[in-house]
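After the structure tokens below, expect a handful of questions from me.
The values are calculated or read from the model by the stated rules, or taken from the named source; none is laboratory data. Remember, predicted model here, so these are calculated numbers, not experimental data. Because the Cβ atoms are built from the backbone with ideal geometry, glycine has one as well, and the counts that use them run over all protein chains shown.
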Amino acid sequence: MIRVVLPAHLRTLARVDGEVQLDVAGPATQREVLDALEADFPMLRGTMRDHVTQQRRAFVRFFACEQDLSNEPPDAPLPAAVALGAEPFVVVGAMAGG
Amino acid sequence: MSGVRVLVGTRKGAFVLTADGTRADWDVSGPHFAGWEIYHVKGSPADPARLFASQSSSWFGQLIQRSDDGGATWQPVGNEFRYDGVPGTHQWYDGTPHPWEFARVWHLEPSLTDPDTVYAGVEDAGLFRSVDGGQQWQELSGLRRHDSGSAWQPGAGGMCLHTILQDPSRPERMFVAISAAGAFRTDDAGTTWRPVNRGLQSNGIPDADAEVGHCVHRIAMHPARPDVLFMQKHWDVLRSDDAGESWHEVSGNLPTDFGFPIDVHAHEPDTVYVVPIKSDSEHYPPDGRLRVYRSRTGGDEWEALTTGLPQRNCYVNVLRDAMAVDSLDSCGVYFGTTGGQVYASANAGDSWAPIVRDLPPVLSVEVQTLP
């Protein structure tokens, strides 16, 4: 079980409160987590990464275990604590005014 | 009793304003999609309970929302706008080739006859269509693939397709407008397109009467007379009497012929409304006086409509999609400002009153006339 924390706007869009819990079949990577998240919540497709390129949207960041994983390769293993469900994978809307 | 539903898109959410046919007392619902930019909300002429909204943010990209109950509840539908084939390039601001990149949906135009069909005008300029209520979108790429496409350039607000007009008497005919490429027409339901800009003069481009490159801000049509079009260009108000084949200027006595929206009275095809705006770059009403101008002669002769509108210290703008008319008798006219006011006139513009005063900056206003 992998825990995911979404930013408020995406929680509203997905109609969830609090953390999302995902069963990820493959290795615990950024790509697998996002694939599982979008499979469970199709309305999130395109909001975190581009439909076509699968590139992370510029103002979306991925944090876990007090690390910024945003620029890690999408197939790199996530920290063991995330894979084990001890720590959440956190999706963040970058801080900005406006 | 008949009524109206005013659909307002703002920088920070959507609002639905409703009133009965007297248009005196208003109910305000919203914000829907709080915190998101809502470029446009529009209802289906074929099913007024069905609404489409363009929702976007710099963080999370583009969403399309659909309501099947007049805006009470909403469901996200498809948001994948994938250009057909290899998109190629258009011109960037500095004249260099720039890849076509989807940014957002500026305008949604539901079909006149089929509630499941809706068109989307997007930035970078392209036209998409959904035939399943917004779930899936296909590009009508004949427009972007026009020979001139690689020469199109963005205006200051981006290279956006912002106007979509359907000819109710010829279902195969549509018009679109792009900033800053100009107006285009299809006569085969979107398969092929050609520029319809003859007569436009734009001093801001190297060849003032070029076939493309004009910063058209808005085009309006009366459904009973679809060959007559009215255009608010970056500068100049123009009219075509031959479905865009040729245009002539009808700015007449306007205090400035710069502006964004233009619309036509629901029952009088020669009664036209514009909001003159001071430019370059100021983009607020001349002399701080917010005035709608009305022509009852199809252009050239304009009268200022000021009753109920601020006539001092007013420095708001009215954006291109932020004016609409209802089809009650007498015709209601509505517009929203970047200062967050939505003004309504229940007497064809003779007098105005704000429905709301303090919304986020208004991006778009549409009106549904309800039975």
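Return only the number of the condition from (1) within 12 Å of another protein chain (Cβ to nearest Cβ); (2) free of Cβ contacts under 8 Å to residues at least 12 places away in the same chain; (3) of a type in the set (Ser, Thr, Tyr) that B:Tyr83 does not satisfy.
With (1) within 12 Å of another protein chain (Cβ to nearest Cβ); (2) free of Cβ contacts under 8 Å to residues at least 12 places away in the same chain; (3) of a type in the set (Ser, Thr, Tyr) applied to B:Tyr83, the lone miss is (2).
Kindly check whether there is at least one residue in the range B:59-80 that is assigned to a loop (DSSP other than H, G, I, E, B), touching an Asp or Glu at 6+ places or on another chain (Cβ under 9 Å) and closer than 29 Å to B:Gly213 by Cβ.
There is no residue in the range B:59-80 that is assigned to a loop (DSSP other than H, G, I, E, B), touching an Asp or Glu at 6+ places or on another chain (Cβ under 9 Å) and closer than 29 Å to B:Gly213 by Cβ.
Take B:Asp27 and decide whether it is touching a residue at least 60 places away in the same chain (Cβ under 8 Å), among the acidic types (Asp, Glu) and farther than 24 Å from A:Val60 by Cβ.
Answer is no for this residue.
List the helices (runs of 4 or more DSSP H) that sit entirely inside chain A and contain at least 2 residues that are more than 11 Å from chain B (Cβ to nearest Cβ) and more than 30 Å from B:Phe102 (Cβ to Cβ). Explain how you work it out, then say what you get.
On the way: elements: A:8-14, A:30-40, A:80-83.
Hits in chain A: A:80-83.
So which residues in the range A:1-46 are touching a Leu at 6+ places or on another chain (Cβ under 9 Å), more than 24 Å from B:Glu80 (Cβ to Cβ) and in contact (Cβ under 8 Å) with a residue 60 or more places away in the chain?
A:Met1, A:Ile2, A:Arg3, A:Glu19
Somewhere in the range B:103-115, is a residue small (Gly, Ala, Ser), farther than 22 Å from B:Val176 by Cα and either modelled with pLDDT of 95 or more or not in a strand (DSSP E or B) (or both)?
No, there is no match, as no residue in the range B:103-115 is small (Gly, Ala, Ser), farther than 22 Å from B:Val176 by Cα and either modelled with pLDDT of 95 or more or not in a strand (DSSP E or B) (or both).
In the range B:36-77, how many are within 10 Å of chain A (Cβ to nearest Cβ) and surrounded by fewer than 19 Cβ atoms within 10 Å (Cβ to Cβ)?
2
Would you point out which residue out of B:Gly133, B:Gly155, B:Gly149, B:Gly142 is in contact (Cβ under 8 Å) with a residue 24 or more places away in the chain, on the phi > 0 side of the Ramachandran plot and of a type outside the set (Phe, Trp, Tyr)?
B:Gly133
Would you mention how many residues in the range B:78-90 are polar (S, T, N, Q), under 27 Å from B:Ala151 (Cα atoms) and crowded, with 19+ Cβ neighbours inside 10 Å?
Residues in the range B:78-90 being polar (S, T, N, Q), under 27 Å from B:Ala151 (Cα atoms) and crowded, with 19+ Cβ neighbours inside 10 Å: 0 in total.
Please work out if A:Thr29 is buried (at least 18 other Cβ atoms within 10 Å of the Cβ), polar (S, T, N, Q) and in contact with a Pro (Cβ under 7 Å, 6 or more places away or on another chain).
So A:Thr29 passes the test.
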